[in-house]
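The values are calculated or read from the model by the stated rules, or taken from the named source; none is laboratory data. What you see is a predicted model; the values in this text were computed from it and never measured. Reconstructed Cβ throughout: ideal geometry from the backbone, glycine too, with neighbour counts over all protein chains shown.
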Amino acid sequence: MSSTLGATETTTALAPVVPGTTRRVERKGTYPYWFYLPAAIIFVIFFLTPTVLSFYFSFTRWDLFTSTWIGLKNYETFFNEQALVIGLRNTLIYATMTSGLKVVIGMLLAVLLTSKIIARGYLRSVIFFPVLVSTVGVGLTFTVLMDPEDGLINTALGAVGITGPDWLTNPSLAIFSIALVDVWQGVGLATVIFIAGIVSIPSDYYEAAEVDGASRFYSFWNITLPLARPAIATVITLSLIGGLRSFDLIWTMTGGGPGFASDTIASVIYKQYQAGFYGLSTAGSVVLFLLVTVIIVPLTWWLNRGEADR
Amino acid sequence: MRFSKKGRRGVALTALAAATTLFAAGCSAGSLGSSSGEGSAGGTTITLLTGAQDTDVASAKAVIDAFQAANPNITVKHDTRPGGSEGDNLVKTRLSTGEMAEVFIYNNGSLLQAIKPEQNLTPLDDQPWVGQIDPLFAESSKGADGKIYGGPYGTAFGGGVLYNIPVYKKLNLQIPKSWDEFMKNNETIKNAGGIAPVEQTYGETWTSQLFVLGDYHNVEAQVPDFAQKYTAGQAKYATTPAALAGWQHIQQVNDAGYFNKDFASAELTDGVKAVATGTAAHYPQLGATAANVENVAPGKSNDVGFFALPGPDAATNGMTVWPGTSAMYIPKSVEGDKLEAAKKFIAFAATQQGCDAVATGSAPQGPFLSKACKLPADVSQVAKDTQGYFDSGKASPALEFKSPIKGPSLEQICIQVGTGQVDAKKGAELYDEDVKKQAQQLGLPGWE
């Protein structure tokens, strides 16, 4: 950013000072227009057009061949859907739970993995490994592990005398079980971001605090946490967006079931698409887009403002 | 529906098939300069797309082998797709992108309407087998324009209750003719201990629908014009007591604790195995699924019988039947030699030779759809029981063959009721809403 600004200033300084032209010169930017063209074409064809079209199609009832304009009816139907109420609640539970746990557990792991322990590099790769595995693979594996009758988890619990719960088949538990798997899979990424944040804190602070007689916990609370704030903001934003649009893990593990008990907005949208209600599912996608925007934009603003204040 | 392993195997097979085709095409161009350029034998190659159940695959392979032996210049490749709503979606997408196999097997009845046969499929009215097919099947394989689009494949079958014959003998039970008798049998079975009275398999969601779908004979016995009024948006499940009964049955069986212990996670094959080996006494299911008995419980074919889902009145007892959920279709995009080959293939499946081949892969569980075919002498008990209902005229087609509307979420809503998340009345109301969405999507009058 700063280099771009610097370049613009230079251009402005070198340009002949003619009243009225300064603005145009400034807007011209660093590169000639043709340089932007390939990116602009890709952006318009693959991102802008579908977005605009999806807004249009959300007001129609269409199959793959024809479409009829029906105004706001899709939105009306979508908001009256029972699965949506469940889905909305589940999406919020899922997003906050996974995001919160990833921050807390990720931070603890990062502190552990930046300390002087044996085989640190190896342990760091181990924690990151689940991130690299396909989510569908993780989902299928855990469906088998969490089988209430002969799954490994409940068999193991049974061996020590605990009757394991019906992880995925109990309607009030299913969404939490999936969220735990999501945390297991995603916490590695949070940890790595936190490690980067912690490592970049100059050791002088800790030394100074030690000289002043601060306890370890005090250093963590007053040095590590505040200075790792940008990392925390990144992790919260990423995992919250991930949680709000969560779909693959839920779909492979329960398909939104039992019944609709673990549906999220994304799985509701997908089911409507499967059923051939294309207009309805497009309207749902627009709603999801707005929901993510409404939550993430103020949150990012708040997190970044806090950073600027310091 | 979850991503089944079979689904992805299907993708892999498709990719493999595509690669093989490319490879074969490359070969023939370089070798003898065969002008057709299709397949190394120089003949026509078409692909048959079927479901991915073991029995589907076995039947398809058997028919293909028999057909290729009779028509050496046509090569038929086989491809599979997932079932349930995932399969519906795949069929719709492939049709709309023009990448559908030359011949594909898919449901008739209301699901056929959802793929718009008039726009997407080749009419088959001029085919020699048209005069020989079962009238119920013909009726449900037509588009809105009255033309026949589906060729017969396999047999008709019933939707009712698979039961374990040894358990019935041991406990001295009679085939129930009314719902009360059925519940009494369940009580006896539960008190005997060790046997689940009613098997449910919610791990495979579509299996949950039978209590509602299989009850349609009883609905129609009480409200003869239900299908018509339902299609017009005038009759609802929640407000028609006869139609609500199916939902109440799910709730009653669950409330009484008659389900098997692992009902929430068990899958279709678990259910078939349970009723074949006698760990469960009843399994409300499509009769066609009994074709799997030999695979999951070898030697138990004659231990499984079949009866209609009982309604309120023993006098009107009868079976809801599916006059073939599978018909064979040709997409409109197929032309020339391939179209001829595809038509030949469908015609072959309607002959005794074709029917026999289908039967070797998947034991018949009801009468064949083509009158040119006779059942083998050693059919299963389920097939005999089903045939009995057909012969005595106590069979009526399921609602999905009398109305184009079937709500896509029926399976999930049945599970909601079966797991006690909502009661029967609420479940029926939710399904009415689901039906409304489907009717609006189909553009039917009277639903805005």
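Conditions tested, residue by residue: (1) at pLDDT 85 or above; (2) of a type in the set (A, V, I, L, M); (3) surrounded by fewer than 19 Cβ atoms within 10 Å (Cβ to Cβ).
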position	(1), (2), (3)
B:LYS5	no, no, yes
B:THR20	no, no, yes
B:SER31	no, no, yes
B:SER36	no, no, yes
B:VAL57	yes, yes, yes
B:ALA62	yes, yes, yes
B:ASP65	yes, no, yes
B:ASN73	yes, no, yes
B:LYS77	yes, no, yes
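Assess whether B:GLY214 counts as being under 30 Å from A:ASP147 (Cβ atoms), of a type in the set (Gly, Ala, Ser) and in contact with a Ser or Thr (Cβ under 8 Å, 6 or more places away or on another chain).
yes
Return the only residue of A:SER58, A:SER67, A:SER54 being out of contact with any Gly (no Cβ under 6 Å at 6 or more places or on another chain), in contact (Cβ under 8 Å) with a residue 60 or more places away in the chain, within 14 Å of chain B (Cβ to nearest Cβ) and within 30 Å of B:GLY98 (Cβ to Cβ). First the steps, then the outcome.
On the way: A:SER58 fails: within 14 Å of chain B (Cβ to nearest Cβ); A:SER54 fails: within 14 Å of chain B (Cβ to nearest Cβ).
Unique residue meeting the criteria: A:SER67.
Name the helices (runs of 4 or more DSSP H) wholly inside region B:362-448 in which the number of residues that are among the hydrophobic types (A, V, I, L, M, F, W, C) and modelled with pLDDT of 90 or more is 3 or more.
Ranges flagged: B:410-418, B:424-442.
Please verify whether B:SER380 is among the hydroxyl-bearing types (Ser, Thr, Tyr) and closer than 20 Å to B:PHE137 by Cα, treating the condition exactly as stated.
no
Output the number of residues of region B:92-112 satisfying the condition of being more than 9 Å from chain A (Cβ to nearest Cβ) and either of a type in the set (Phe, Trp, Tyr) or crowded, with 21+ Cβ neighbours inside 10 Å (or both).
12
Considering only region A:119-131, I want to know if a residue exists there that is in contact (Cβ under 8 Å) with a residue 12 or more places away in the chain, buried (at least 16 other Cβ atoms within 10 Å of the Cβ), within 14 Å of another protein chain (Cβ to nearest Cβ) and among the hydrophobic types (A, V, I, L, M, F, W, C).
No: zero hits.
Quick check on A:ASP182: is it acidic (Asp, Glu), surrounded by 14 or more Cβ atoms within 10 Å (Cβ to Cβ) and within 14 Å of chain B (Cβ to nearest Cβ)?
Against the criterion (acidic (Asp, Glu), surrounded by 14 or more Cβ atoms within 10 Å (Cβ to Cβ) and within 14 Å of chain B (Cβ to nearest Cβ)), A:ASP182 does not qualify.
Name the single residue, out of those in region B:79-115 being within 27 Å of B:ALA398 (Cα to Cα) and of a type in the set (Lys, Arg), that is modelled with the lowest pLDDT.
This residue is B:LYS92.
So that you can scan it fast, the table gives a plain yes or no per residue for (1) in contact (Cβ under 8 Å) with a residue 12 or more places away in the chain; (2) β-branched (Val, Ile, Thr); (3) more than 14 Å from every other protein chain (Cβ to nearest Cβ):
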position: A:ALA214; (1), (2), (3): no, no, yes
position: A:TRP221; (1), (2), (3): no, no, yes
position: A:ALA228; (1), (2), (3): yes, no, yes
position: A:ILE236; (1), (2), (3): yes, yes, yes
position: A:GLY284; (1), (2), (3): yes, no, no
position: A:LEU290; (1), (2), (3): no, no, yes
position: A:VAL294; (1), (2), (3): no, yes, yes
position: A:PRO298; (1), (2), (3): no, no, yes
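So which of B:ALA395, B:ALA363, B:ALA359 is under 27 Å from B:GLN228 (Cα atoms) and of a type in the set (A, V, I, L, M, F, W, C)? Even if it seems obvious, please write down each step before you answer.
Working: B:ALA363 fails: under 27 Å from B:GLN228 (Cα atoms); B:ALA359 fails: under 27 Å from B:GLN228 (Cα atoms).
None of the others qualify; the one that does is B:ALA395.
Go through B:LYS147, B:LYS116, B:LYS142 for me and flag whichever is surrounded by fewer than 24 Cβ atoms within 10 Å (Cβ to Cβ) and either within 14 Å of chain A (Cβ to nearest Cβ) or under 14 Å from the mean Cα position of the chain (by Cα) (or both). Give the steps one after another, and end with the answer.
Working: B:LYS147 fails: either within 14 Å of chain A (Cβ to nearest Cβ) or under 14 Å from the mean Cα position of the chain (by Cα) (or both); B:LYS142 fails: either within 14 Å of chain A (Cβ to nearest Cβ) or under 14 Å from the mean Cα position of the chain (by Cα) (or both).
None of the others qualify; the one that does is B:LYS116.
Quick one: would you say B:SER85 is surrounded by fewer than 23 Cβ atoms within 10 Å (Cβ to Cβ), in contact (Cβ under 8 Å) with a residue 60 or more places away in the chain, among the polar types (S, T, N, Q) and assigned to a helix (DSSP H, G or I)?
In short, yes.
Given the residues B:LYS332, B:LYS343, which is the only one that is in contact with a Ser or Thr (Cβ under 7 Å, 6 or more places away or on another chain) and basic (Lys, Arg)?
Values: B:LYS343 fails: in contact with a Ser or Thr (Cβ under 7 Å, 6 or more places away or on another chain).
The match here is B:LYS332.
Out of (1) surrounded by fewer than 22 Cβ atoms within 10 Å (Cβ to Cβ); (2) within 11 Å of chain A (Cβ to nearest Cβ), the odd one out for B:GLY393 is which?
The number of the failed condition is (2).
Can you name the helices (runs of 4 or more DSSP H) wholly within region B:91-155 that have at least 1 residues being charged (D, E, K, R)?
The qualifying helices (runs of 4 or more DSSP H) are B:117-120, B:135-140.
Tell me whether region A:79-87 contains one or more residues that are outside any helix (DSSP H, G or I), free of Cβ contacts under 8 Å to residues at least 60 places away in the same chain and over 30 Å from A:ARG124 (Cβ atoms).
No, every residue in region A:79-87 fails to be outside any helix (DSSP H, G or I), free of Cβ contacts under 8 Å to residues at least 60 places away in the same chain and over 30 Å from A:ARG124 (Cβ atoms).
Is it true that B:GLU433 is more than 23 Å from B:GLN113 (Cα to Cα) and within 14 Å of chain A (Cβ to nearest Cβ)?
Details: more than 23 Å from B:GLN113 (Cα to Cα): no; within 14 Å of chain A (Cβ to nearest Cβ): yes.
Criteria not met by B:GLU433.
Among (1) within 14 Å of chain A (Cβ to nearest Cβ); (2) at pLDDT 95 or above, which single condition is B:TRP206 missing?
(2)
What about A:GLY276, is it surrounded by fewer than 24 Cβ atoms within 10 Å (Cβ to Cβ), over 21 Å from the mean Cα position of the chain (by Cα) and either more than 10 Å from chain B (Cβ to nearest Cβ) or outside any helix (DSSP H, G or I) (or both)?
Spelling it out, A:GLY276 is indeed surrounded by fewer than 24 Cβ atoms within 10 Å (Cβ to Cβ), over 21 Å from the mean Cα position of the chain (by Cα) and either more than 10 Å from chain B (Cβ to nearest Cβ) or outside any helix (DSSP H, G or I) (or both).
In region A:103-118, which residues are within 28 Å of A:GLY256 (Cβ to Cβ) and surrounded by fewer than 15 Cβ atoms within 10 Å (Cβ to Cβ)?
A:VAL104
Could you identify the single residue in B:GLY159, B:GLY194 that is in a strand (DSSP E or B) and either in contact (Cβ under 8 Å) with a residue 60 or more places away in the chain or assigned by TED's automatic domain parsing to the domain that holds B:TYR431 (or both)?
Of B:GLY159, B:GLY194, the one residue that is in a strand (DSSP E or B) and either in contact (Cβ under 8 Å) with a residue 60 or more places away in the chain or assigned by TED's automatic domain parsing to the domain that holds B:TYR431 (or both) is B:GLY159.
Could you check region A:254-273 and list, in sequence order, the residues that are in contact with a Leu (Cβ under 7 Å, 6 or more places away or on another chain) and in a helix (DSSP H, G or I)?
Of region A:254-273, the ones in contact with a Leu (Cβ under 7 Å, 6 or more places away or on another chain) are A:254, A:265-266, A:268-269, A:272.
Those that are in contact with a Leu (Cβ under 7 Å, 6 or more places away or on another chain) and in a helix (DSSP H, G or I): A:ILE265, A:ALA266, A:VAL268, A:ILE269, A:GLN272.
How many residues does region A:238-253 hold that are part of a loop (DSSP other than H, G, I, E, B) and within 14 Å of chain B (Cβ to nearest Cβ)?
1
Of all the residues that make up region B:403-448, how many are small (Gly, Ala, Ser), within 20 Å of A:TYR270 (Cα to Cα) and in contact (Cβ under 8 Å) with a residue 40 or more places away in the chain?
Adding up the residues that qualify gives 1.
Within region A:4-61, how many residues turn out to be at pLDDT below 75, of a type in the set (Val, Ile, Thr) and part of a helix (DSSP H, G or I)?
The number of residues fulfilling the criteria is 7.
Within region A:113-132, does at least one residue satisfy the condition of being more than 30 Å from A:THR224 (Cβ to Cβ), among the aliphatic types (A, V, I, L, M) and not in a loop (DSSP other than H, G, I, E, B)?
no
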